[in-house]
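S.K.: Submitted below is the structure of interest, expressed as structure tokens.
The numbers here are math on the coordinates, done by the rules we state, and not lab data. Predicted model only: the values in this text are computed from it and were never measured. All Cβ positions, even for glycine, are placed from backbone atoms using ideal geometry, and neighbour counts span all protein chains on display.
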């Protein structure tokens, strides 16, 4: 295994970095690639070179991480638009309060909606993973996720915070 790390480690790290643009995350992904290969070396059938096989694993892991990052960003932007300027202390405080209010509202959801939101947005599990974890069908997970979002979107307090934050973002432009 040490030989593989020496031979392909730097190559996989650099390739991973080109995808995720984060050194620490690229290192983690590279380690995951070697760990996955170590745990299941029989999955390598020899149809292509080992370098190609490890590269495919790396690219798939990078895509997974990029999806997680995108999902998390979209969820956070659900309430807030990104500021073009540096946020004021007041703006930062209001964002923190809004985030806490959102978290409080998530915690008020019934258990079967709350667990889906937490696993999907906060723990960053994929729908398939949540379905396996909870013993549900993927469609049930998607339905609960959609319904939980609808409940949150119709909450008047969250709507007021969202409108206020939108106004603050437009003022700072």
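S.K.: Estimate the FRET efficiency between residue 160 and residue 40 by the formula 1/(1 + (r/R0)^6), using the beta-carbon distance for r and 45 Å for R0, to the nearest 0.05.
M.R.: Values: r = 51 Å, r/R0 = 1.13.
FRET efficiency, residue 160 to residue 40: 0.30.
S.K.: Taking R0 as 22 Å, what's the FRET efficiency between residue 47 and residue 1 from their Cβ-Cβ distance, rounded to 0.05?
M.R.: Numbers: r = 21 Å, r/R0 = 0.98.
So, using R0 = 22 Å, E works out to roughly 0.55.
S.K.: Then there's this: Helix 138-153 sits at what angle to the longest principal axis of the chain, using alpha carbons and giving 0 to 90 degrees rounded to 10?
M.R.: Roughly 30 degrees, rounded to the nearest 10.
S.K.: Further question: Pairs of alpha-carbon atoms within less than 8 angstrom and 6+ residues apart define the contacts here; what relative contact order does the chain have, in percent?
M.R.: Working: 107 pairs, mean separation 36.0, N = 173.
For the chain, the relative contact order is 21 percent.
S.K.: Based on the Cβ-Cβ distance of residue 75 and residue 14, what FRET efficiency does E = 1/(1 + (r/R0)^6) give at R0 = 45 Å, to the nearest 0.05? Intermediate values should be presented prior to the final figure.
M.R.: Values: r = 30 Å, r/R0 = 0.67.
Plugging the Cβ-Cβ distance into 1/(1 + (r/R0)^6) gives 0.90.
S.K.: Using alpha carbons only, how many angstrom separate the centre of the stretch 107-127 from the centre of the stretch 1-77?
M.R.: 27
S.K.: Taking the Cα-to-Cβ direction at residue 66 and at residue 99 and moving 7 Å from each Cα, how far apart do the two end points lie in nm?
M.R.: 2.6
S.K.: Using just the helices of the chain, give the 222 nm mean residue ellipticity in deg cm²/dmol: DSSP H runs with n ≥ 4 each add -39,500 (n - 2.57), and the total is spread over all residues, rounded to 500.
M.R.: Values: 8 runs with 131 residues, N = 173.
The helix contribution divided over the chain gives -25000 deg cm²/dmol.
S.K.: Using only Cα atoms, tell me the angle between helix 2-20 and the longest principal axis of the chain; keep it within 0 to 90° and round to the nearest 10.
M.R.: In the chain, helix 2-20 runs at an angle near 30 degrees to the longest axis.
S.K.: Between residue 123 and residue 22, what is the label-to-label distance in nm when each label sits 7 Å out along the Cα-to-Cβ direction?
M.R.: Distance between label points: 1.9 nm.
S.K.: Would you work out the relative contact order for the stretch 2-69, in percent, from Cα pairs under 8 angstrom that are 6 or more residues apart?
M.R.: On the way: 39 pairs, mean separation 24.9, N = 68.
Rounded, it is 37 percent for the stretch 2-69.
S.K.: Right, another one. Between helix 50-77 and the chain, what is the angle of the helix's C-alpha long axis to the longest principal axis, kept within 0 to 90° and rounded to the nearest 10?
M.R.: 0
S.K.: Determine Rg/Rh for the chain; Rg is computed over alpha-carbon atoms and Rh is the Kirkwood hydrodynamic estimate from the same atoms. Walk me through the intermediate numbers first.
M.R.: On the way: Rg = 20.6 Å, Rh = 19.0 Å.
Result: Rg/Rh = 1.09.
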